[in-house]
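The values are calculated or read from the model by the stated rules, or taken from the named source; none is laboratory data. Bear in mind that the values here come from a model prediction, so they are computed numbers and not experimental data. Cβ coordinates were reconstructed from backbone atoms using ideal geometry, including for glycine residues, and neighbour counts include every protein chain displayed. The area values use the complete protein model at the heavy-atom level, side chains included, leaving out ligands, DNA and RNA. Shrake-Rupley method; radii C 1.70, N 1.55, O 1.52, S 1.80 Å.
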Amino acid sequence: MAVRAFDSGTLQANLRGELIQPGDPGYDAARKVYNGMIDKRPALIARCADVADVIMAVNFGRENGLLVSIRGGGHNAGGLGICDGGLVIDLSRIHYTHVDPQAGTVRVGGGCTWADVDHATHAFGLAVPCGFISTTGVGGLTLGGGMGHLTRQCGLTIDNLLSADVVLADGSYVTANAQQHADLFWAVRGGGGNFGVVTSFEFKAHPIHTVYSGPMFWELDKAPAVMSWYREFIAQAPENITGFFAFLVVPPAPPFPEYLHKKNMCGIVWCYTGPLKQAEATFNPTRRNLPPALDLVGPLPHPALQTMFDPLYPPGLQWYWKADFVNELSDEAIRLHIKHGSQLPTMHSTMHLYPINGAAHRVGKHETAWSYRDATWAEVIVGVDPDPANKRRIIEWARSYWNDLHPYSAGGAYVNFMMDEGEARVKASYRDNYERLAAIKRTYDPKNFFRVNQNIQPA
Ligand SMILES: Cc1cc2nc3c(=O)[nH]c(=O)nc-3n(C[C@H](O)[C@H](O)[C@H](O)COP(=O)(O)OP(=O)(O)OC[C@H]3O[C@@H](n4cnc5c(N)ncnc54)[C@H](O)[C@@H]3O)c2cc1C
């Protein structure tokens, strides 16, 4: 697509939102994304205020041959919400929520973060399954699949998506759900931002208010016992229990006791949604058999759990991501995990194993675009640090960890945990759903207009 000289005046004059360009006072703030490693300079940032603005921006981008990216919460690992030299369709101003407590549903603007949704639904004693950090965008997380504390009980975020309003590459506007544009609805449940700009999502919400949750930490010499126990436990645990396993460095701040500060440990972050009066009885056997060095598990409002890690991971840190899906944790895989997990290069670096069995397994692998319904965990290895001088260290650690563990993985990875790893890796993530995705891409975006993403080439 040839880029022509363009006149941004018509777009500027007609947008209800703002058009931000190089040299404007807000330009540097507007082009920043969550990952401090990403430094891209778009030609135009259209901060859209409504659907009409989005349609106008899509038409302007297409008519002027511009590279276009879609920005939701700006959290994407590889910075796929922005682009160099092109037009960013920034949805952050489209952040309304509307809860229907009778129907148990919530309608959410395409630029919301999960903090917006948790805030709105919690007032009605409801929750939508989402991720582990509340500042993440609803858009990117949902379209890639969405996993978090409620996955084992309520499924992936896409399993709770009822409908999406989408602006397509030709500027037309459609609703995709089980009845209308069912092929598009299938594709957006896992296929990322490949098919259009989603201006509104409608989700099923669940009656979840207070959960019994929080972290348990163990000393590293307990890691072999904890990991071996965990792999058996989570495979058959009641679905109202989720616990993700982590190697971590204890942050040097309350509520963590000083004697554990900066210690490399292993941990499980639990979330139990069953009756609170049964919670102690549910967790006491674990406490007895594997006494943790730190136990902060207790009753918490759901939004408090969702924001627990936000202060630890503010925007602007350097992040390097590697990921895989995992079916089984062999003894040798555990040994390798402990080898790398006990050498975290910086305080923020970590490895998480997110369980994706339970309710997420009851959806067939061809029912949505999200293929790995048979995997037990999504593994993510992240080298993280505030200081760009440590970039090499965190990258080398994450790569070497991943290289050792990849042979024990299921092959592909969760697209939302990947940086730019090329077409083969995208195909590995969708497996035999890729061909159908490519055919649907041909129908809705034959020229690959939306290509700043984990790209699916039109068939
Ligand atoms: C600290 C952190 C924690 C995370 N934890 C989890 C987790 O617990 N569970 C989980 O599943 N994922 C998690 N993720 C990964 C997250 O899902 C992805 O980074 C996701 O891309 C973020 O979405 P966003 O809207 O914030 O991103 P953006 O960077 O704004 O957008 C990313 C891509 O999503 C697409 N997109 C975004 N919004 C729209 C829209 N409205 N319409 C069409 N396309 C759109 C675009 O293609 C864009 O390229 C986490 C990420 C971070 C940084």
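Quick notes on this one:
- Distance between the 7 Å Cα→Cβ label points at residue 162 and residue 389: 5.4 nm.
- Reachable aspartates and glutamates from residue 263, criterion Cα separation under 19 angstrom, eight or more residues apart if same chain: 219, 221, 295, 385
- Estimated [θ] at 222 nm from DSSP helical runs (n ≥ 4, -39500 (n - 2.57)) normalised by residues in the chain, nearest 500: -8000 deg cm²/dmol
- Put a dot 7 Å past the Cα of residue 287, heading toward its Cβ, do the same for residue 21, and the two dots end up 6.3 nm apart.
- Euclidean distance of C-alpha centroids, the range 306-329 and the range 353-408, integer Å: 9 Å
- Extension gain, residue 209 to residue 235, is 6.8 nm, computed as 0.36 nm per intervening residue step minus the present C-alpha separation.
- Heavy atoms of residue 272: accessible area, 1.4 Å probe, square angstrom to 10: 10 Å²
- Charge tally for residue 187 (other residues, Cβ to Cβ under 14 Å; Lys, Arg +1; Asp, Glu -1): 0.
- Full extension of the chain segment joining residue 7 with residue 49 gains 13.0 nm, where the gain is 0.36 nm per residue of separation less the Cα-Cα distance.
- FRET efficiency for residue 424 and residue 367, using Cβ-Cβ distance with R0 set to 22 Å, rounded to 0.05: 0.35
- Reach of residue 447 by Cα under 21 Å, taken over lysines that are not fewer than 8 positions away in the same chain: 427
- 27 Å Cα-Cα threshold exceeded, pairs from 32/322; 277/365; 365/441; 32/339: 277/365; 32/339
- Spin-label model distance (nm) - residue 98 vs residue 432, 7 Å beyond Cα toward Cβ: 4.2 nm
- Cβ-Cβ FRET estimate between residue 399 and residue 39, R0 fixed at 22 Å, reported to 0.05: 0.55
- Within the accessible surface of the chain, defined with a 1.4 Å probe on protein heavy atoms only, the carbon and sulfur portion equals 53 percent.
- Extension gain from residue 331 to residue 262, taking 0.36 nm per residue of separation minus the Cα-Cα distance: 22.1 nm
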